[in-house]
Amino acid sequence: MSTVSDHVDVAIAGAGSVGMTLALALKRADPRLSVAVIDPKPVDATRGDDRASAIAAAARRMLVRLGVWPDVAADAQSIDEMIITDSRLRDAVRPVFLRFLGDVEPGEPYAHMIPNDVLFPAIARHALDAGIRTFTPDSVRIFETGDAGSELRLASGTRLSAALLIACDGKTSRLRGLAGIRTVGHAYDQSGIVTTVSHELPHQGCAIEHFLPAGPFAVLPLKGNRSSIVWTERTAEANRLVGLDDFSFEIELARRFGPDWGEIRLAGSRSAYPLSVQIARDLVAPRFALAGDAAHAIHPIAGQGLNMGFRDAAALAETVVEARRIGLDIGSLDVLERYQSWRRFDTLEMAATTDLLNRLFSNDVAPVRLARTVGLGLVDRLPGLKRVFIREAAGLAASSPKLLRGEAI
């Protein structure tokens, strides 16, 4: 490349919630770090979408530590109870096989639902106020890795050097391919329909996951008499449903929703996303790391996609900052291997778990139905096991990074 015109310690490609949270975590822990975010879209405090995200307790603790939570708390709806049913669409009654109460600690729900158009702008405001640099609208066209750092050429023509390049550029990450990192996984013949509904009766902070033969139908509470819907269907059927007029779509919603919330009305746009599981074979290379969907994409059956990205951000920020404090090269493979070993098992475990759950519940085979009904019933009668499950869903493992425990790096 020609002469480099600028230098940063850390360059992050991708200014979504994970990339911006990672940038904020780095700057909060070490204000002397120069951190740049590069994204094809302008980064400002208004960008977002009309979907909502489930934020697990560990991620909430991180947002509290980073100063973001007060900005979103008024719009955050706690999940105080989780109900799981297993039935066919035509069944008149959907018996409850498993019920979780939502506290992981007294007064601390295991998760909250937050609209994305509230969550992302709050993270962005704090990251920009903390002094991160932005190269937008722009993207990394190519990069070359050397002993002293990586040299990046941006689409705008800007040339930038960085001790460490982090790819948070999504499931189809270009940079992952440029780094020579391959993925394993497969596509499901399923798509996830996402929308928001209003309903006549209050939800009382209750989330419901109806396991239906085509896939799970999740009803996740939002502030007011509103809920976010994450609805898995076979891809052909999902495309048909999304193409219906509003009245017909509401009828299909009501068939799956059940009577608990009274009359249902659409309260947002609807869209369908093809579902797959995809895991990067490596999370790091010399002076390069993957985080968020660039590192792993999993089935939404457990609502852990964004939370997995937040766990990446917490682990990678801690790895980089602690290495810098003791004078190590933050882009060296020896340093980055700590991040990889920290996140590898959790990533593979969650991918395998969600894949197994989807295969187990997205079918109507009689012996399998009987086995899962018995299994859910047994779990419901074992309070100790239920507590283990709820803490795992909340991301509160003993080996969690400091930010996920609510501690400063």
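Below is a table of values for the structure above.
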| read-out | value |
| --- | --- |
| Pairwise centroid distance, computed over Cα atoms, of the stretch 127-195 with the stretch 11-73, Å | 16 Å |
| Low-density loop positions, trypsin sites (Lys or Arg not before Pro), the stretch 250-358 - DSSP coil, at most 10 other Cβ in 10 Å | 281 |
| Hydrodynamic radius by Kirkwood, which averages 1/r over all alpha carbon pairs of the stretch 104-185, in angstrom | 16.0 Å |
| Lysine pairs meeting the criterion (Cα under 26 Å, 8 or more apart or interchain), as found in the chain | 5 |
| Stokes-Einstein translational diffusion, the stretch 151-246 - Kirkwood Rh over all Cα pairs, 0.890 mPa s, 25 °C, in µm²/s | 141 µm²/s |
| With Cα atoms, 0 to 90° folded angle of helix 333-361 axis to the chain main axis | 20 degrees |
| At q = 0.16, 0.25 Å⁻¹, base-10 log of I(q)/I(0) for the stretch 97-150 (Debye sum, equal scatterers on each alpha carbon) | -0.81, -1.06 |
| Most mobile of 278, 204, 340 in a GNM of the chain (Cα contacts under 10 Å) | 204 |
| Which of 186, 299, 126 has the fewest Cβ neighbours within 10 Å, and the rest in rising order | 186, 126, 299 |
| Residue 251 versus residue 148: modelled label distance in nm, points set 7 Å from Cα along the beta carbon direction | 7.0 nm |
| FRET efficiency estimate (nearest 0.05) - Cβ-Cβ, residue 5 to residue 326, R0 30 angstrom | 0.45 |
| Label zone at residue 174, where the point sits 7 Å out along the Cα-to-Cβ direction: the stretch 143-165 residues whose backbone N lies under 19 Å | 143-145, 150-162, 165 |
| At 1.002 mPa s and 20 °C, Stokes diffusion of the stretch 27-143 via Kirkwood alpha-carbon radius, µm² per second | 126 µm²/s |
| Other-chain or far-sequence residues with amide H under 5 Å of residue 37's (modelled H) | 12, 133, 134, 135 |
| Point-to-point label distance, residue 344-residue 360, nm (Cα→Cβ direction, 7 Å offset) | 2.6 nm |
| Fewest-first sequence of 129, 6 by Cβ atoms within 10 Å of each Cβ | 129, 6 |
| Residue-averaged 222 nm ellipticity for the chain, from DSSP H runs of 4+ at -39500 (n - 2.57), nearest 500 | -11000 deg cm²/dmol |
| Equivalent ellipsoid dimensions for the stretch 273-367 as semi-axes, Å, which come from the Cα gyration tensor, largest first | 32, 11, 10 |
| Kirkwood-Stokes translational diffusion coefficient of the stretch 162-218, alpha-carbon pairs, 4 °C, 1.567 mPa s, µm²/s | 80 µm²/s |
| Qualifying GluC sites (Glu not before Pro) for the stretch 248-342 [loop in DSSP, other Cβ within 10 Å: at most 16] | 263 |
| Loop trypsin sites (Lys or Arg not before Pro), the stretch 60-130 (other Cβ atoms within 10 Å of the site Cβ: 14 or fewer; DSSP) | 88, 90 |
| Whole-Hz couplings from phi, Karplus 6.51/-1.76/1.60, listed for the stretch 206-222; x for Gly and Pro | 9, 9, 10, 10, 8, 8, 10, x, 7, x, x, 10, 9, 10, 10, x, 10 |
| Cα→Cβ-extended label distance, 7 Å offset, between residue 200 and residue 408, nm | 5.4 nm |
| Model label zone, residue 269; criterion: amide N under 19 Å from point 7 Å along Cα-to-beta-carbon; scope the stretch 22-65 | 40-53 |
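FYI, it's all coordinate maths here, none of it is from the lab. None of these values were measured; they are calculated from a predicted model. With ideal geometry, Cβ positions are generated from the backbone for all residues, glycine too; neighbour counts draw on all protein chains shown.
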